[in-house]
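In what follows, a single structure is set out as structure tokens and then discussed.
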Amino acid sequence: MKKITLLPTMLLLGIGIFYSIQKLNIHLFEGQNNWPFLLILLEAFTFLISGHFEQDASAILPGIILAGLGIHFHFAGKIASWPDHPAAFLFILSLGMILTATKTKTGYQQGIIILAIGLFLHFFHKIIQSLTIIENGVNFIETYWPLLFIVIGALLLVLRRRR
């Protein structure tokens, strides 16, 4: 007999809760009828809860990414200190990878590297402003830093293929 997963059950439950809140005019908080809340609710139910009960570690990463995107888009305009640039997406991705690594006991390095890159990008302008001595080289670095990631990624790909 095939294993019946909880994914469709939880998906229907999440959609039902979202639209019941709207149709019954239940007001819990501001922004509950927006698509970011639907994204948070669906991903919490579909991936995180069903993955937890089915002991499926592969559901953690997509659940965290999609719920994190919902949380990000919900709070982006409401909290002044909320990051509204690509570093926020790297934080979400690194959180998902680290939480997946805690369940699988492998892959911490990738999550920590992405977190470090996100922190670097988040504080990049503050770091550059504090380095007024090398102001001329800063413009060069600010223009061409993405190429450094391309070179590092290509080197890692070549080294991985040699193994």
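The values are calculated or read from the model by the stated rules, or taken from the named source; none is laboratory data. Source: prediction; values computed, not measured. In this analysis, Cβ positions are derived from the backbone assuming ideal geometry, glycine residues included, and neighbour counts consider all displayed protein chains. Areas reflect the complete protein model, heavy atoms only, side chains present, ligands, DNA and RNA absent. Shrake-Rupley method; radii C 1.70, N 1.55, O 1.52, S 1.80 Å.
Restricting attention to region 27-43, and to residues there that are outside any helix (DSSP H, G or I) and either free of Cβ contacts under 8 Å to residues at least 40 places away in the same chain or hydrophobic (A, V, I, L, M, F, W, C) (or both), which single residue is surrounded by the most Cβ atoms within 10 Å (Cβ to Cβ)?
Taking the candidates together, the pick is Gln32.
Condition check for Trp82 on (1) assigned to a helix (DSSP H, G or I); (2) touching a Phe, Trp or Tyr at 6+ places or on another chain (Cβ under 7 Å): one failure, at (1). In region 127-148, the residues that are at pLDDT 65 or above and open to solvent by less than 80 Å² (accessible area, probe 1.4 Å) form Cβ pairs under 9 Å with partners that are among the charged types (D, E, K, R) and assigned to a helix (DSSP H, G or I), at six or more places apart or across chains, as follows: Ile128/Glu135; Ile128/Glu142.
The lone criterion from (1) in contact (Cβ under 8 Å) with a residue 24 or more places away in the chain; (2) open to solvent by 50 Å² or more (accessible area, probe 1.4 Å); (3) of a type in the set (Ser, Thr, Tyr) left unmet by Thr46 is number (2).
Can you tell me which residue among Leu61, Leu66 is within 28 Å of Thr104 (Cβ to Cβ), open to solvent by 50 Å² or more (accessible area, probe 1.4 Å), out of contact with any Phe, Trp or Tyr (no Cβ under 8 Å at 6 or more places or on another chain) and part of a helix (DSSP H, G or I)? Outline the logic, then answer.
Details: Leu66 fails: out of contact with any Phe, Trp or Tyr (no Cβ under 8 Å at 6 or more places or on another chain).
Exactly one of Leu61, Leu66 is within 28 Å of Thr104 (Cβ to Cβ), open to solvent by 50 Å² or more (accessible area, probe 1.4 Å), out of contact with any Phe, Trp or Tyr (no Cβ under 8 Å at 6 or more places or on another chain) and part of a helix (DSSP H, G or I), namely Leu61.
Say we look at region 85-105 and pick out the residues that are over 13 Å from the mean Cα position of the chain (by Cα) and not polar (S, T, N, Q); which of these is surrounded by the most Cβ atoms within 10 Å (Cβ to Cβ)? In this case the residue turns out to be Ala101.
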